[in-house]
Ligand SMILES: Nc1nc2c(ncn2[C@@H]2O[C@H](COP(=O)(O)OP(=O)(O)OP(=O)(O)O)[C@@H](O)[C@H]2O)c(=O)[nH]1
Ligand SMILES: [Mg+2]
């Protein structure tokens, strides 16, 4: 077997942007596999997720982050804090924007947070497969080091972006072992995959009222089966009824789709058992938020 090339340069790259611009899609594109969850709705990602890419002796640790936005609920405040908390760790900041729309108020909010950044900030205009508004609209926001036009969906422009990021990373250690994909546990990713299916299959406020916990996880090497029990928590009884669906159809479909993604990730057969529970107003309650992995620190 070929020895992996020794890592001599490394660094942390933040994927930052307002909600729905394609940060998580770009992370998955860069890694060449699905790690982060995505959806056509804003505010899908709630936690920072590191994805590790080793390329020709360079280790790039990408942070997918929640979209920077203004929201009054405690969960929204948590998300924005979580996104901005990576700034002190970065070697390169990627300011991702939607090339099909003029800058939005939330783009300006992010620009203000990046204004004093001590690291290069790259402007990356995503979704160029479906259009591109005039670039000066965006370059007026900050003194960007460079501008890239990409499509995270098709991969157009991503190689050139990676080349520039590579050129900006300093000499450094291997932060994660060769075979590491992420800093997150399989349990966390399972919770996220389940939450993604809720985003895909339900509407209105339901996805925003959902948190997922994995209650038990059992690997059985003899049979190659992974048995996972998880709970989908909602804020109201009416949402529980929607998630279960007529004759249990909705929960069955969520479970089926999440199981297929988990089997691809784990390379194993998965038995996924889902429950739905009501935790009233959890998006506004510090104790509930903490229990679900969204701790708001003072
Ligand atoms: N046409 C097109 N759609 C894209 C592209 N990149 C992402 N999308 C779509 O844009 C939507 C949002 O993508 P996400 O990756 O979830 O966006 P995000 O920035 O992570 O969003 P939040 O987690 O909510 O902040 C999804 O429907 C993606 O499929 C692209 O290059 N072209
Ligand atoms: Mg995201």
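The values are calculated or read from the model by the stated rules, or taken from the named source; none is laboratory data. Since this is a predicted model, take the numbers as computed values, not measurements. For neighbour counting, all protein chains shown are included, and Cβ atoms are generated from backbone atoms with ideal geometry for every residue, glycine included.
Across region 38-56, which residue is farthest from ligand 1 (Cβ to nearest atom) among those that are modelled with pLDDT of 95 or more and under 22 Å from residue 176 (Cα atoms)?
At the first step, the residues of region 38-56 found to be modelled with pLDDT of 95 or more are 38-54.
From what's left, under 22 Å from residue 176 (Cα atoms): 47-54.
Working: 47: 10, 48: 11, 49: 10, 50: 15, 51: 12, 52: 18, 53: 17, 54: 23 Å.
Taking the candidates together, the pick is 54.
Right, residue 102: in contact (Cβ under 8 Å) with a residue 24 or more places away in the chain and within 23 Å of residue 44 (Cβ to Cβ) or not? Walk me through it before giving the result.
Details: in contact (Cβ under 8 Å) with a residue 24 or more places away in the chain: yes; within 23 Å of residue 44 (Cβ to Cβ): yes.
It is true that residue 102 is in contact (Cβ under 8 Å) with a residue 24 or more places away in the chain and within 23 Å of residue 44 (Cβ to Cβ).
Based on what the data block shows, is residue 268 surrounded by fewer than 16 Cβ atoms within 10 Å (Cβ to Cβ) and in the same structural domain as residue 216 (by TED's automatic domain parsing)?
Working: surrounded by fewer than 16 Cβ atoms within 10 Å (Cβ to Cβ): yes; in the same structural domain as residue 216 (by TED's automatic domain parsing): yes.
For residue 268, the condition - surrounded by fewer than 16 Cβ atoms within 10 Å (Cβ to Cβ) and in the same structural domain as residue 216 (by TED's automatic domain parsing) - is met.
Have a look at 260, 265 and point out the one that is out of contact with any strand residue (DSSP E or B) (no Cβ under 6 Å at 6 or more places or on another chain) and touching a residue at least 60 places away in the same chain (Cβ under 8 Å).
Values: 260 fails: touching a residue at least 60 places away in the same chain (Cβ under 8 Å).
Going through 260, 265 in turn, the sole match is 265.
Output the residue which, of all residues in region 189-218 that are in contact with a helix residue (DSSP H, G or I) (Cβ under 9 Å, 6 or more places away or on another chain) and in a strand (DSSP E or B), is surrounded by the fewest Cβ atoms within 10 Å (Cβ to Cβ).
Here the answer is 217.
Answer yes if at least one residue in region 10-24 is free of Cβ contacts under 8 Å to residues at least 40 places away in the same chain and either farther than 22 Å from residue 163 by Cβ or surrounded by 18 or more Cβ atoms within 10 Å (Cβ to Cβ) (or both), and no otherwise.
From region 10-24, those free of Cβ contacts under 8 Å to residues at least 40 places away in the same chain are none; that's our starting set.
Within region 10-24, not a single residue is free of Cβ contacts under 8 Å to residues at least 40 places away in the same chain and either farther than 22 Å from residue 163 by Cβ or surrounded by 18 or more Cβ atoms within 10 Å (Cβ to Cβ) (or both).
More than 15 Å from ligand 1 (Cβ to nearest atom), crowded, with 16+ Cβ neighbours inside 10 Å, in the same structural domain as residue 100 (by TED's automatic domain parsing) and modelled with pLDDT of 95 or more: is that true of residue 147 in this structure? If you could, list the steps in order and put the result at the bottom.
Values: more than 15 Å from ligand 1 (Cβ to nearest atom): yes; crowded, with 16+ Cβ neighbours inside 10 Å: no; in the same structural domain as residue 100 (by TED's automatic domain parsing): yes; modelled with pLDDT of 95 or more: yes.
Spelling it out, it is not the case that residue 147 is more than 15 Å from ligand 1 (Cβ to nearest atom), crowded, with 16+ Cβ neighbours inside 10 Å, in the same structural domain as residue 100 (by TED's automatic domain parsing) and modelled with pLDDT of 95 or more.
Quick check: is even one residue across region 58-75 within 21 Å of residue 182 (Cα to Cα), touching a helix residue (DSSP H, G or I) at 6+ places or on another chain (Cβ under 8 Å) and surrounded by fewer than 21 Cβ atoms within 10 Å (Cβ to Cβ)?
Taking every residue of region 58-75 in turn, at least one turns out to be within 21 Å of residue 182 (Cα to Cα), touching a helix residue (DSSP H, G or I) at 6+ places or on another chain (Cβ under 8 Å) and surrounded by fewer than 21 Cβ atoms within 10 Å (Cβ to Cβ).
Considering only region 284-298, how many residues are over 16 Å from residue 214 (Cβ atoms), in contact with a helix residue (DSSP H, G or I) (Cβ under 9 Å, 6 or more places away or on another chain) and not in a helix (DSSP H, G or I)?
Initial filter on region 284-298 (over 16 Å from residue 214 (Cβ atoms)): 284-290, 295-298.
Next, from what is left, pick out any that are in contact with a helix residue (DSSP H, G or I) (Cβ under 9 Å, 6 or more places away or on another chain): 284-286, 288-289, 295-297.
Within this subset, residues satisfying the condition of being not in a helix (DSSP H, G or I) are 285, 295-297.
Residues in region 284-298 being over 16 Å from residue 214 (Cβ atoms), in contact with a helix residue (DSSP H, G or I) (Cβ under 9 Å, 6 or more places away or on another chain) and not in a helix (DSSP H, G or I): 4 in total.
Restricting to region 273-283, give me the number of residues that are within 15 Å of residue 207 (Cα to Cα) and touching a helix residue (DSSP H, G or I) at 6+ places or on another chain (Cβ under 7 Å).
Qualifying residue count, region 273-283: 5.
Give the residue that is nearest to residue 144 (Cα to Cα), with candidates limited to residues of region 30-57 that are more than 10 Å from the chain's Cα centre (by Cα) and buried (at least 21 other Cβ atoms within 10 Å of the Cβ).
Result: 30.
Does at least one position in region 102-110 carry a residue that is within 21 Å of residue 296 (Cα to Cα) and part of a strand (DSSP E or B)?
No, that holds for no residue.
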